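For reference, the structure discussed in these notes is given below.
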Amino acid sequence: MNALRAILRNVSLRSFRVWQRDLDVYLTNWKTEFLPPLSEPILYVVAFGFGLGSLIHRVQYEGRELTYLRFMAPGIVAVAIMFWSYFETTYSSFVRMYYQRTFDAILATPLLVEDVILGELLWGTTKAVIASTIMLGVLSVLGLVAWPSGLWVIPISILAGVLFSAVGLIVTAVTKNISSFNLPMFLMIMPMFMFSGTFFPVDILPKWALAIAWCLPLTHVSFLVRAAVLGWPSGFAVVSVLYVAVFAVGLSALALHLMKRRLIQ
Amino acid sequence: MSPPAIIARELTKRYGDVEAVRGVSFEVERGEIVGFLGPNGAGKTTTVRMLSCFLPPTSGTASIHELDVCEQPRDVKRIIGVCPQEDNLDPDFHVMKNLLVYGRYFALPRRVVRDRALELLAFVALSDKAHAPIQSLSGGMKRRLVLARALLNEPRVLMLDEPTTGLDPQARHAIWTRIRGLRSHGTTVLLTTHYMEEASQLCDRVVVMDGGRILLEGAPSTLVDREVGRTVVEAWNYEEQLPQYLRSLPGRLEEVGDRLYFYPEEGDHVERLLDQRFPTQDRLIRRATLEDVFLKLTGRALRD
């Protein structure tokens, strides 16, 4: 509790300036930044939807039947939320912190470490929101999104964006050099990418694997995104929202703690 | 008289068993230019980083314009300018944008920042580079831009950590001229350096550090007079009798490799005496400098 109070005392609106710095860089390169989230869903839809989907045809989900393409489409949005925020606060934040010494430069001004980390967290979240919004647009054009429930994807991507940005910052805080990022990538992110109800319903997994799957944050995120995109409301969403919210706050506090330890020696 | 710009009391920084800074106390008056000298690992940078709120001291206190560096870091950082040892300009932005973005961190109005940025770019002679990418600047230009950036908030205290390391003589003199120019504004400057010439040229006072402690402080010329006297004799290719002879004179003799250094107490007669006794000896009689003081205090052994 005291730790949390200490954090909150030093958090300020100045973190917005850090977010604004990252946004300015993004806008300078907007042409190259916009393209990946635009092409990514098309790639997935063609490969998995049309390719794999033509073999699978129908999927049972939440007691109903739907085409594989419709099942998978929300999964790739959930994956994008994770990837875009996680990559921003690992590789990109690490480059800013370690190679460019941008954090050091900012810390010479009235901003504190708390502001810098919160700014990075918000920026990682923003990248997730931008990516999921663009993908939502592309999937809508393909007729794969139910409206207006699809709009829920935006608040979900804010919450989940904070969570995965915090995970990324935790990794960055304990990483010595940039090649070490491969380890959490293959031990944490790739398994989540594959086993979190993104490309197949988790309930077809064996019981033990199912239990593990529901411990992974991405399972809850893809569950929520799918409910929104398909327009199939579910009471279990409350549990998932709570899970994501609690982890988002808890992991953010941990990220801040570890980053302070890393930056102030 | 107004209170000192910087007050440090028993500042200490410990990393595990290693004490990087061991209880240093000093004051810097407003408008003064003070240079911290010392070999690598002396604790200069650690001291500066504690004063600029980068590092929390293990013990001791420090204040800038009566603001405590631990308790009021935001207020301290609002009135100081920091020039770090390593350039950390933002490579994602061009020159002007670097200053504009930096000004936002101080919550300065956009127009104020723009006006000051233009002024400062002129001050450091980078006006024609306003829209150049950082990567295209030379080392000296980058250093000047870092200086301009540190001045953006019109700091009352400027902290420069090795401002001219690695620069060519032109760039170094360009930086010196600008630092001297700040004196007329009443800006207090604390700088660290390895260059004795830099310290003698710029500083009202120097502080010599080694092993995390302050060994000595004072005005450069006073220190030279007090510690080594006025004159230094350097001799090489010398006969065996020369060291013996010099030892018989009042002063201090040092043998380093194949070279002799003699610091006479009475410098005036040395030249005449040497001309009489060793007329063909290879020698150089020169004025003592801060470097002689530095080497006397910190020794000639290599540091890393």
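The values are calculated or read from the model by the stated rules, or taken from the named source; none is laboratory data. Note that the coordinates shown come from a computational prediction; the quantities given were computed from them, not determined experimentally. Reconstructed Cβ throughout: ideal geometry from the backbone, glycine too, with neighbour counts over all protein chains shown.
Going by the conditions given, is A:SER234 crowded, with 19+ Cβ neighbours inside 10 Å, in contact with a helix residue (DSSP H, G or I) (Cβ under 6 Å, 6 or more places away or on another chain), of a type outside the set (Val, Ile, Thr) and on the phi < 0 side of the Ramachandran plot? Here the answer is no, as A:SER234 does not meet what is asked.
When the criteria are applied in full, A:ARG9 fails the requirement of being buried (at least 20 other Cβ atoms within 10 Å of the Cβ) and not hydroxyl-bearing (Ser, Thr, Tyr). Within the stretch A:28-82, track down each residue that is β-branched (Val, Ile, Thr) and in contact (Cβ under 8 Å) with a residue 12 or more places away in the chain. Within the stretch A:28-82, A:ILE42, A:VAL45, A:ILE56, A:VAL59, A:THR67, A:ILE76, A:VAL77, A:VAL79, A:ILE81 meet the criteria. If you check A:ALA108, A:ALA80, A:ALA131 for being within 14 Å of chain B (Cβ to nearest Cβ), at pLDDT 90 or above and more than 21 Å from A:HIS257 (Cβ to Cβ), only one passes: A:ALA108. Evaluation of B:ARG104 against the conditions (1) over 27 Å from B:SER184 (Cβ atoms); (2) part of a loop (DSSP other than H, G, I, E, B); (3) among the basic types (Lys, Arg) shows that the sole unmet condition is (2).
All told, A:TRP147 meets the bar of being modelled with pLDDT under 90, at negative phi and either surrounded by 14 or more Cβ atoms within 10 Å (Cβ to Cβ) or out of contact with any Phe, Trp or Tyr (no Cβ under 8 Å at 6 or more places or on another chain) (or both). Return the only residue of A:PHE186, A:PHE193 being of a type in the set (A, V, I, L, M, F, W, C) and under 18 Å from A:MET72 (Cβ atoms). None of the others qualify; the one that does is A:PHE193. When the stretch B:84-102 is filtered for residues that are buried (at least 22 other Cβ atoms within 10 Å of the Cβ) and more than 8 Å from every other protein chain (Cβ to nearest Cβ), the ones remaining, listed by number, are B:VAL95, B:ASN98, B:LEU99. Quick one: would you say B:ASP68 is more than 25 Å from B:GLY38 (Cβ to Cβ), in the same structural domain as B:TRP176 (by TED's automatic domain parsing) and in contact with a strand residue (DSSP E or B) (Cβ under 7 Å, 6 or more places away or on another chain)? In short, yes. Of all residues in the stretch A:76-112, exactly one satisfies the criterion of being among the charged types (D, E, K, R) and closer than 30 Å to A:ALA228 by Cα, namely A:GLU88.
Of the residues screened, B:LEU99 is not one that is modelled with pLDDT of 95 or more and within 16 Å of the chain's Cα centre (by Cα). Among the residues of this structure, A:ARG58 counts as one that is more than 14 Å from every other protein chain (Cβ to nearest Cβ), charged (D, E, K, R) and on the phi < 0 side of the Ramachandran plot.
Selection within the stretch A:20-45: residues that are β-branched (Val, Ile, Thr) and within 22 Å of A:SER93 (Cβ to Cβ). The member of this set that is nearest to the other protein chains (Cβ to nearest Cβ) is A:VAL25.
Candidates B:GLY35, B:GLY41, B:GLY60: the one that is surrounded by fewer than 17 Cβ atoms within 10 Å (Cβ to Cβ) and in contact with an Asp or Glu (Cβ under 8 Å, 6 or more places away or on another chain) is B:GLY41. In the stretch A:93-105, the residue that is nearest to the other protein chains (Cβ to nearest Cβ) out of those that are of a type in the set (S, T, N, Q) and buried (at least 22 other Cβ atoms within 10 Å of the Cβ) is A:THR102. Please work out which residue is surrounded by the fewest Cβ atoms within 10 Å (Cβ to Cβ), limiting yourself to the stretch A:111-128 and to residues that are β-branched (Val, Ile, Thr) and more than 14 Å from chain B (Cβ to nearest Cβ). Of everything passing the filter in the stretch A:111-128, A:THR126 is surrounded by the fewest Cβ atoms within 10 Å (Cβ to Cβ). The criterion of at least 1 residues that are closer than 30 Å to A:ASP115 by Cβ and within 14 Å of the chain's Cα centre (by Cα) is met by the following helices (runs of 4 or more DSSP H) wholly inside the stretch A:192-265: A:217-230, A:237-263.
Only a single item in (1) part of a helix (DSSP H, G or I); (2) more than 25 Å from A:GLU33 (Cα to Cα) is not met by A:ALA166, and it is number (2).
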